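In what follows, a structure is listed as structure tokens, so that the remarks can point back to it.
We did not get these values from a lab; they are worked out from the coordinates using the rules stated. All of these numbers come straight from a predicted model, not from anything done at the bench. Cβ placement follows ideal geometry from the backbone for every residue including glycine, while neighbour counts extend to all protein chains displayed.
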Amino acid sequence: QQQVKQSPQSLIVQKGGISIINCAYENTAFDYFPWYQQFPGKGPALLIAIRPDVSEKKEGRFTISFNKSAKQFSLHIMDSQPGDSATYFCAASKIAGGTSYGKLTFGQGTILTVHP
Amino acid sequence: NAGVMQNPRHLVRRRGQEARLRCSPMKGHSHVYWYRQLPEEGLKFMVYLQKENIIDESGMPKERFSAEFPKEGPSILRIQQVVRGDSAAYFCASSPGATERYEQYFGPGTRLTVT
């Protein structure tokens, strides 16, 4: 019940295209959903995050879409650039009492390659 | 404002030795999390600590692994009698622990190789 399933495992997109990565979760107690970007040899970097009280959040070229009833959320990268080539992880956590509490449960990751 | 610091960045140990990994959280952050990333896999939660307290260690192997976050100094993840299966990247993350501040920021990781 703690799993977060991420797809696809790898994704190839042309420069300027839209990259879409999907995640599904099982635990209905999860209420915080961040996305991380990781370059080889580096630590994950927080990209964007959403709480379930909204269905969409946009920051620059990155958008999270959230479907609470389906227990799914996705990352859209608009106008994908070669510099976006990295591994992307979705994650989920349970927030208690309005402060950071829970461990992050991560998806398996998606290797994104953006061709010039 | 410096980010999360981890050292060493790379650590080589022989089987049976001890590995000691350090993590200094971001300034003002009082919550520390440790995660392990095996090759070609996602990150797995190990332990969550606040100053002088272990809050959640449900992801820690029952033997050989321990963690602490003392009142002064960095958080330490300690692996005794390392085995080849411990080879992985170990990441520390810190969080403000303040109301409406849930985000976790990751350090660069320590890559442990057991020979």
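At a Förster radius of 30 Å, what calculated FRET efficiency corresponds to the Cβ-Cβ distance of residue B:111 and residue A:69, to the nearest 0.05? Please list the in-between numbers first.
On the way: r = 41 Å, r/R0 = 1.36.
Efficiency, from the Cβ-Cβ distance: 0.15.
Count the net charge of all other residues whose Cβ sits under 15 Å from the Cβ of residue A:77, scoring Lys and Arg as +1 and Asp and Glu as -1.
After counting each charged neighbour, the total is 0.
How high is the relative contact order of chain B, in percent, with contacts defined as C-alpha pairs under 8 Å that are six or more residues apart?
Relative contact order of chain B: 36 percent.
Less than 10 Å Cβ to Cβ from residue B:108, Lys/Arg counted +1 and Asp/Glu -1: what total charge do the surrounding residues give? Show your work: numbers first, answer last.
Details: positive: A:42, B:9, B:111; negative: none.
Local net charge: +3.
Beyond a 24 Å Cα-Cα separation, which of these cross-linked pairs lie in this structure: A:15/A:94; A:71/A:103; A:5/A:68; A:15/A:71? Could the numbers behind the result be given before it?
On the way: A:15/A:94 36 Å; A:71/A:103 19 Å; A:5/A:68 15 Å; A:15/A:71 30 Å.
From the list (A:15/A:94; A:71/A:103; A:5/A:68; A:15/A:71), the Cα-Cα distance tops 24 Å for A:15/A:94; A:15/A:71.
Determine the distance separating the Cα centre of the stretch B:41-115 from the Cα centre of the stretch A:1-28; give it in Å without decimals.
26
With an 8 Å cut-off on Cα pairs and a minimum separation of 6 or more residues, tell me the relative contact order of the stretch B:18-78 in percent. Write down the numbers at each step before the final one.
On the way: 104 pairs, mean separation 20.9, N = 61.
Rounded, it is 34 percent for the stretch B:18-78.
Using the alpha carbons of the stretch A:42-81, what is the convex hull volume per residue in cubic angstrom, as a whole number?
That works out to 86 Å³ per residue.
What is the projected area of the convex hull of the Cα atoms of the protein assembly as shown, averaged over all directions, in nm²? Show your work: numbers first, answer last.
On the way: hull surface 51.1 nm².
Mean orientational projected area (the protein assembly as shown, Cα hull): 12.8 nm².
Kindly provide log₁₀ I(q)/I(0) values, in the same order as q = 0.14, 0.15, 0.17 Å⁻¹, from the Debye equation applied to equal alpha-carbon scatterers of chain B.
-0.52, -0.60, -0.77
Residues of A:44-51, mean number of Cβ from any other protein chain within 10 Å of their own Cβ, rounded to a whole number? Intermediate values should be presented prior to the final figure.
On the way: counts 11, 3, 5, 0, 0, 3, 0, 2.
Taking all residues of A:44-51 together, the mean is 3.
Average partner chain C-beta neighbours within 10 Å, per residue of B:47-60?
Average neighbour count from other chains, rounded to a whole number: 1.
Take every Cα pair under 8 Å in chain A that's 6+ residues apart, average their separations, divide by the length, and report that relative contact order as a whole percent.
Contact order relative to length: 36 percent.
Rounded to whole Å, give me the distance from the Cα center of the stretch A:39-93 to that of the stretch B:13-39.
Here the answer is 26 Å between Cα centres.
Based on the Cβ-Cβ distance of residue B:62 and residue A:9, what FRET efficiency does E = 1/(1 + (r/R0)^6) give at R0 = 25 Å, to the nearest 0.05?
Calculated value: 0.20.
Can you bin every Cα-Cα distance in chain A into 5 Å intervals starting at zero and give me the percent of pairs per bin, rounded to whole numbers?
Bin by bin from 0 Å, the calculated values are 2, 12, 23, 25, 20, 11, 5, 2, 0, 0.
Peptide B:30-43: average number of partner chain Cβ atoms within 10 Å per residue?
Per residue, the average neighbour count from other chains is 4.
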